[in-house]
Structures are given as structure tokens and as C-alpha cells.
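Accompanying notes for the structure given below.
The numbers here are math on the coordinates, done by the rules we state, and not lab data. Because the structure is predicted, anything quoted here is derived from the model rather than measured. A quick note on method: Cβ atoms are made from the backbone with ideal geometry, for glycine too, and the neighbour counts reach across all protein chains shown.
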Amino acid sequence: EAQSNSHPLSMYLAAIPPDCCLDLHAHAAIEVFVPLVGSMHERRAMEVILPRDMLCRGPHMEVGGMGGLFTSSPSSEEIGAITRDISDQILFPDCGKRGEFVERSISRGQVELNPVGSVHQSFTCADDDDDDD
């Protein structure tokens, strides 16, 4: 089974409306996204990566059957327990100049990769134009 940093790989299709801003976050596993329409933007602290071992799932977080590989659907309580456990371990240190955020954009059909532990905030803009080819 495919994993990233001890977490099962997942694929999601998300519809994010124009002029929407997601919370600042980091991923415990790799994130790859491809806008199918419009554009996606992000503010990313390019030189800040949270330690991988801080974001790993421990044996006490095995949910969803078969050693936590989600062979069956985990309950919302199980997902909540993993989220709380990882969130309790994470502290964002003051990184000074290294912590400066850079804005960048990904257009329809382009691929964006956020490695394990990257710190970023994704957003869309109201004036993103999807008519350009």
C-alpha cells in the first residue's frame, strides 16, 4: 500500500470557490495538486519545513483496520484523534527572516508539490480568469 511519511496516500477532488482562503497549515504527508479549472494561489514559507518525525503516525494512531492503512473507512472520531495527536506535537517556532512567506500561483493543468512539513496557506481569487488557453 502506498504511503507518505507513515500515512496512507489519498486522492481528493476539491471544489474551492473563488475568493476563498484556507487556513495556514502543514501536511503530514506529501501533497500534490493540479487545478482543473481556474488557478490556485499560495503563501508559503519557502525555508520552513516541519520535521518529518514530528508528523508521523505512531502505533497508537492505527485506525481503519490493517495497521492503520485505512482498508476500511475510519470514523470521524478516529480521524479527530489523529488530528489532535499530530496538532499537539506541532509548534511553529519563530524563524525570523527564514519564515518570510512567498506568494505564487498555479494555473489550470499545472502541478504543485508541497513536501511533507511544508508550511503554507492556499487561496483563490475572485478575478481568476479561466478563459486563457
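What is the sum of charges, Lys and Arg at +1 and Asp and Glu at -1, for the other residues whose Cβ falls under 12 Å from the Cβ of Pro115? Could you put the intermediate results ahead of the total?
Details: positive: Arg44, Arg52; negative: Glu31, Glu112.
The answer is 0.
In this structure, the amide hydrogen of Met46, modeled 1.01 Å from its nitrogen in the peptide plane, lies closer than 5 angstrom to those of Val102, counting only residues at least 5 positions away or on a different chain. In order along the range 120-125, the Karplus-derived 3J(HN,Hα) couplings, from 6.51 cos²θ - 1.76 cosθ + 1.60 at θ = phi - 60°, round to 7, 10, 9, 7, 10, 10 Hz, and Gly and Pro are given as x.
Sorting check: for 104-113, 28-37, 7-16, which peptide has the highest mean count of neighbouring beta carbons within 10 Å, and how do the rest follow?
Working: 104-113: 12.8, 28-37: 15.3, 7-16: 10.7.
Sorting 104-113, 28-37, 7-16 by mean packing, highest first, produces 28-37, 104-113, 7-16.
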